[in-house]
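This report refers to the structure that appears directly beneath it.
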């Protein structure tokens, strides 16, 4: 009887997706920008957590299913477009609890609003970024400086 109860509980949790996957509350929009302009491109998300690599193909308007992460657990993420692979390492699970992401790459001369890029040293050749789009319409930017050339991020 105990085994039957455990089996039924397991099936009900898996069926709802609460045990194996952590889904955003709404469709999770991911857009990609190059030099401040939105570009339509195919996107794949490669996540590494607990030593496992999971790849998720993203299509506009889809609801990607992310792995369930424990509190304070970090993951590595690579966003792969038709042309670029952008690493976002040591991400916190709260990055998966937003309404969407605006991801982009921009080379000098920088033309990005919402960023304080005027003080960057000359050796920084490009920045790549992710803007967390919040449910209330706000955005929270994270960005990374790179002395690599744009070609170094090409697939």
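Any read-out appearing in this document is the output of simple, stated calculations on the displayed coordinates, not a laboratory observation. Keep in mind that this is a model prediction, so the values were computed, not measured. Virtual Cβ from ideal backbone geometry, glycine too; neighbours counted across all protein chains shown.
A few points about this structure:
- When you count the other C-beta atoms within 10 angstrom of each residue and take the mean per peptide, 115-125, 136-146 line up highest first as 136-146, 115-125.
- Relative packing of peptides 77-89, 33-45, 93-105 - highest average C-beta neighbours within 10 Å first: 93-105, 77-89, 33-45
- At an R0 of 35 angstrom, the distance between the Cβ atoms of residue 108 and residue 74 translates into a FRET efficiency of 0.70.
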